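Before any comments, here is the structure.
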Amino acid sequence: MDSGTRVRRRQAARVLALLGALMLLGSSAWSTSLGASARASTPTSRVRLLFETPFVGPPGKLLGLSLSKTGPALAPHATVQLTIYSRLTTRSALLTAIGGGGTFGPTSTTPPITVSCLTSAGPLHVALAVSPNGVAVAPRQLCGHVAPVLRLGCSTGCDGVYPLRITVIGGGKVSQLVTLVTFAVATSSTPLDVAWVLRVAGTAAGLPAARGALRGVDQHPKVPVTVDVEGSTIAAGLTTPEGPLSMALLRHITATSVAELIGEPYVPADLGALRASQLNAEVLRQFALDEVVLKSAGLSVAPAKSVTYGTGPQTPTMANAVATVGKRRLIVDGTALAVDPSTTLAWGDAFRVTGAPQGAHVLASDTELSALSEDTASDPELVAAQLLGELAFLHFEQPNLPAPRAAVFVTTATSRVKTSFVDAVLDGLAHNPVLKPVSVSEAFKAVPIGANGFPAVRSLVLGASKPLARSTIKEIEFLRNRTDALSSSIVKGNTPIPSIEGELLSAEQPMSDPARSELMAGVHRRLEQQLGYFRIYDGPITLTESGASLPITVFSSAPYTVVGTLALRSPRLSFPGLVDNRVPGFLLDASVRTTRVPARALVNGDLPLIVTLYSQDGRLVLARAEITVRATGFSYVGVVLTGLAALVLAAWWIRTSRRRRAAR
């Protein structure tokens, strides 16, 4: 089962458990109506939460609620009733409650409030005081009467989180929802650090689907949030109609807000297997291409150098692998650990993993919070209120620890993560006195390894990674050498290297041997296609005494400029002025380029010449041709014989002339 499936199942179980638990909190009539509400299939058939005050507590601070005027609220004489339940004091109690156990009872219930007096049109607005027992509350009016007060069932020390049930009845139908209310009298001196990681990743969701979540982040430029990006998702998303719109938001967020940008591997590669295979450079390439893609997409801010999110198999070898390329801080899902910290009280501090003593420092994301945050489509603001309430609950669970803790949760930005959800969460984090939004980097700085006496070392579910098959290692090395060699020659233009490298890196994910072989064969074909762009003229060339140079012509149909080295080899030709018979820095920036090479023939006749265009690093042959050079009247022997003949003829002529004069 993949991590996405686990998260979805956890979320579904959590929602069902919450509904079951809340049935126990009230009367049988409530249980019946709650079941009917749960069966509602569309948002318009029920009432939705549109806004909730992030916290209540100081004098004059009211609990403000906005509800949609839908479903039963549309009926004549519809009513709203609020019931608050006893405080949750430990996370184990919370888990018991949402699991269907516990003995929780209501502490205060309002009388039915007529919907018609809450609004004339649009949302319903309710504002009530929430107060400890016995504390005087200034009277205020609601619907022509003294507004009711929700009492917490305690007189002092009431700070905490309380379940609140909202029931709307109208036209014989009932719609109910349950939210969490945070009561805090004063700002905490040790608020809970909250690091929210919003991922733009995955092929199923992708860049276009992240637009709504990114819009929500963009609306809160002063609230820290960490945006994590997967390079392959960005590269694929930019080719879609909607992708550039999301990319524009991402550029604006990273340029103008306090949001932190981090990168993960280009694809969910098996980094541990790469390290075990001694392919450490490939680990670095995964992160390097991620940065190249983001820079090409116009981001002015590079990802944080030392932080990443763990994808692919989470093993001790992987923790070592990311550390060796400078990623000393790693976020992993809580489910990747042998004991999920979110199921214990010892959570929120950094640790190392067993088997990787020199590996990255690790923080575990909270499984429950991550699952809750990834499906907000039906009730975005309600899920936001529940999420904020659970975060506040985590603070109150152990508020007096000697060192701070950080709650980390990870949300993959899909179309189900709505703008209004992100907006409500960030607004709540900015104004809740017991929560402090931070970036992931800030969280690591705040929570040292082994603080609060928590484990300094934790075990992952998976053990050490195994190396890839030897044949796979050899093929990756071969394709890497060819790709790097071609890259060394391309100096400008529409380079195919990021795309080719992306295909090669994609083959480093966990997959079957046939699937991997198919991907690597595709990389090989792409490289061969690039080499097909270049050709050296291989027709005959005449070398005469009057033209002691050879024209070497190279053709290109590539959409980019290359620089390489021309190498000439012939047993019967010499090339004065060339070092090692090479022409370095040969620039091929047009469809045809000719260079003239000084040459001398050692004999006359048809002489073979092999011309090779190498990549700039000399490891790849871009083109090769065998040329016939026709040398005429340009032999050293011929020159010498001709000179000797001329001398003999001159001597004969002089001697003959002298004899004729003497004879006269």
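A few remarks follow.
- Some residue of region 231-248 being in the same structural domain as Phe409 (by TED's automatic domain parsing), assigned to a helix (DSSP H, G or I), of a type in the set (D, E, K, R) and within 22 Å of the chain's Cα centre (by Cα): no
- Checked against the criterion of being among the hydroxyl-bearing types (Ser, Thr, Tyr), surrounded by fewer than 22 Cβ atoms within 10 Å (Cβ to Cβ) and outside the structural domain of Leu294 (by TED's automatic domain parsing), region 158-166 has no qualifying residue.
Residue-by-condition table, conditions (1) of a type in the set (Lys, Arg); (2) crowded, with 16+ Cβ neighbours inside 10 Å; (3) under 30 Å from Leu249 (Cβ atoms); (4) outside the structural domain of Ala430 (by TED's automatic domain parsing):
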site	(1), (2), (3), (4)
Gly105	no, no, no, yes
Pro111	no, no, no, yes
Pro132	no, yes, no, yes
Val149	no, yes, no, yes
Val197	no, yes, yes, no
Gly212	no, yes, yes, no
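- The strands (runs of 3 or more DSSP E) located wholly in region 304-383 that include 2 or more residues which are among the hydroxyl-bearing types (Ser, Thr, Tyr) occupy 307-309.
Listed here are the residues, each with its yes/no results for (1) within 29 Å of Ala590 (Cβ to Cβ); (2) small (Gly, Ala, Ser); (3) loosely packed, with under 15 Cβ neighbours inside 10 Å; (4) assigned by TED's automatic domain parsing to the domain that holds Pro54.
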| site | (1), (2), (3), (4) |
| --- | --- |
| His431 | no, no, yes, no |
| Val434 | no, no, no, no |
| Ser441 | no, yes, no, no |
| Gly453 | no, yes, yes, no |
| Glu475 | no, no, no, no |
| Phe478 | no, no, yes, no |
| Thr495 | yes, no, no, no |
| Ser499 | yes, yes, yes, no |
| Ser512 | no, yes, yes, no |
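- Residues of region 58-79 that turn out to be over 39 Å from the mean Cα position of the chain (by Cα) and either part of a loop (DSSP other than H, G, I, E, B) or closer than 25 Å to Asn432 by Cβ (or both), as a count: 9
- Where Val417 falls short, out of the listed (1) among the hydrophobic types (A, V, I, L, M, F, W, C); (2) assigned to a loop (DSSP other than H, G, I, E, B); (3) over 25 Å from Phe51 (Cα atoms); (4) in contact with a Leu (Cβ under 9 Å, 6 or more places away or on another chain): (3)
- Arg480 vs. criteria within 28 Å of the chain's Cα centre (by Cα), among the charged types (D, E, K, R) and not in a loop (DSSP other than H, G, I, E, B): yes
- For region 338-351, a residue qualifies if it is in contact with a Ser or Thr (Cβ under 7 Å, 6 or more places away or on another chain) and either on the phi > 0 side of the Ramachandran plot or of a type in the set (A, V, I, L, M) (or both), and exactly one does: Ala338.
- Considering residues of region 317-366 that are farther than 21 Å from Glu264 by Cβ and of a type in the set (A, V, I, L, M, F, W, C) only, the residue surrounded by the most Cβ atoms within 10 Å (Cβ to Cβ): Trp347
The values are calculated or read from the model by the stated rules, or taken from the named source; none is laboratory data. Since the structure is predicted, the reported quantities are computational estimates derived from the model, not experimental observations. Cβ sites come from the backbone with ideal geometry, for glycine too, and all protein chains shown count toward neighbours.
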